[in-house]
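> One structure, pasted below without further comment.
The values are calculated or read from the model by the stated rules, or taken from the named source; none is laboratory data. Everything numeric in this text was worked out from a predicted model, so none of it was measured. Note that each Cβ is placed from the backbone with ideal geometry, even for glycine, and that neighbours are counted across all protein chains shown. Surface accessibility is based on the protein's heavy atoms, side chains included, excluding ligands, DNA and RNA. Shrake-Rupley method; radii C 1.70, N 1.55, O 1.52, S 1.80 Å.
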Amino acid sequence: MQFRAKLVSWAEIEKWCRNIGKQVINSGFIPEAIIGLSRGGLVPARMLSDRLWIKDLYAVKTEHWGFTATKDGKAVLKRQGDPNINGKRVLVLDDITDTGESMKLAFDYIKSLSPAEIRTSTMLHITRSSFKPDFYSEEINEEKWAWFIFPWNVYEDLDNLIGRSMVVPSSASDIENILKDDYNISFADVDLPMLLNDLVDSGRLKLEKGKYSK
Ligand code: ADP
């Protein structure tokens with residue numbers, strides 16, 4: 001096995017975001033603006049904007065992991081026009097704190113925009129992270145570390161994992177077995193052939209005589 005990867009369902013996303021919403025409400029913190037860290041925090045930020053009735057929603061872009069589970073040097077911030085949060089109470093959303101570097105970088109930048117208060121939150125928090133969010137739904141010990149394949153990143157992640165592991169043209173069921181062996185991924189609730197055909201449509205895989213290749 002190379003490393004563990006886990007397919008995340010939309011039901012889990014809903015559960016985790018609802019859980020964060022409850023924690024924020026119970027804490028007494030009343031955000032006036034939400035910032036999603038792009039791209040992983042965008043969907044959670046939108047869901048919390050709905051749950052907490054906050055229409056003031058911004059995105060801040062950080063980049064850290066260039067390829068799936070391969071660290072691409074340091075986290076960098078891409079400035080795209082500053083959110084208008086001067087004097088406001090702000091809730092920052094990301095998908096996961098793993099090293100914590102992206103959240104730390106974003107936190108320092110957001111602080112420089114003079115909000116009244118900042119609270120941070122992620123759906124998943126790996127205990128080794130150097131940054132601990134104020135609100136998170138699941139805490140994950142380092143031994144349980146996995147690469148989480150979020151539903152909004154499924155094509156990019158599958159494409160990367162298949163590229164690392166497939167050495168000869170393979171059928172859908174061969175690919176399923178390769179991904180099970182190398183990453184312990186379970187495809188019980190996922191239509192893998194459909195996703196593979198989508199990757200063919202976008203030119204990421206070739207399909208000849210029932211076998212997929214890069
Ligand atoms: P942060 O600094 O936000 O704690 P990292 O810098 O460790 O997070 O990672 C930045 C981004 O890379 C995350 O927001 C997430 O989209 C992606 N990422 C990192 N670790 C994982 C993981 N174990 N599974 C899935 N995605 C991850």
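> With the other protein chains left in place, how much accessible area per residue, in square angstrom, belongs to the chain at a 1.4 angstrom probe?
Result: 52 Å² per residue.
> Compare the Cα positions of I149, A59, L207 along the charge dipole of the chain (+1 at Cβ of Lys, Arg; -1 at Cβ of Asp, Glu; about the Cα centre) and return the one farthest towards the positive end.
A59
> Would you please give the FRET efficiency between S202 and L52, computed as 1/(1 + (r/R0)^6) with r the Cβ-Cβ distance and R0 = 35 Å, to the nearest 0.05?
0.50
> With the chain treated as a Gaussian network of Cα nodes joined by springs under 10 Å, which of M166, M103, M123 yields the largest mean-square fluctuation?
With Cα springs under 10 Å in the chain, the top fluctuation among M166, M103, M123 is at M166.
> Identify which of A45, A172, A75 has the largest mean-square fluctuation in a Gaussian network model of the chain, with springs joining Cα atoms closer than 10 Å.
Largest GNM mean-square fluctuation: A172.
> Of L113, L57, L93, which is the most mobile in a GNM of the chain whose springs link Cα atoms less than 10 angstrom apart?
Top of the fluctuation ranking is L113.
> Then there's this: Report in % the part of the accessible area of the stretch 79-206 that belongs to carbon and sulfur, leaving out ligands and nucleic acids; probe 1.4 Å.
44
> Where the centre of each part is set by its Cα atoms, how far does the stretch 126-176 sit from the stretch 72-98, in angstrom?
What the calculation gives is 22 Å, centre to centre.
> If you place +1 on the Cβ of every Lys and Arg and -1 on the Cβ of every Asp and Glu, how big does the dipole about the Cα centre of the chain come out, in debye to the nearest 20?
480
> Using Cα atoms only, what is the angle between the long axis of helix 42-51 and the major principal axis of the chain, expressed in degrees (0 to 90) to the nearest 10?
50
> Between V76 and N177, how high is the FRET efficiency from 1/(1 + (r/R0)^6) when r is the Cβ-Cβ distance and R₀ = 35 Å? Nearest 0.05.
After rounding, the FRET efficiency stands at 0.40.
> Which percent of the Cα-Cα distances in the chain go past 24 Å?
When all Cα pairs of the chain are counted, 46 percent exceed 24 Å.
> Nearest 10 degrees, 0 to 90: what angle lies between the long axis of helix 172-183 and the longest principal axis of the chain (Cα atoms)?
Taking Cα atoms only, the helix is inclined about 50 degrees.
> Let me ask something else about it. Please identify which residues in the stretch 161-176 have an amide N closer than 20 Å to a label point set 7 Å out from the Cα of S186, following the Cα→Cβ vector.
173-176
> In debye, nearest 20, what is the charge dipole magnitude of the stretch 150-213 about its Cα centre with +1 on Lys and Arg Cβ and -1 on Asp and Glu Cβ, if you could check?
Dipole size: approximately 260 debye.
> Which of W16, A116, Y136 sits farthest toward the positive end of the charge dipole of the chain, with +1 on the Cβ of Lys and Arg and -1 on the Cβ of Asp and Glu?
A116
> So, in nm, how far is label E143 from label F3 when the simple model puts each one 7 Å beyond its Cα toward the Cβ?
Calculated label separation equals 1.9 nm.
> Of K6/K61; K15/K180; K78/K111; K6/K214; K74/K180, which pairs sit farther than 19 Å apart, going by alpha carbon to alpha carbon?
Distance filter (> 19 Å) returns K6/K61; K15/K180; K6/K214; K74/K180.
> Now, a different point. Return, for the Cα atoms of the stretch 150-213, the radius of gyration and Dmax in Å, separated by a comma.
Every Cα atom of the stretch 150-213 included, Rg and Dmax give 10.7, 31 Å.
> Mind pulling the angle between the C-alpha long axis of helix 101-111 and the longest principal axis of the chain? Nearest 10 degrees, somewhere in 0 to 90.
30
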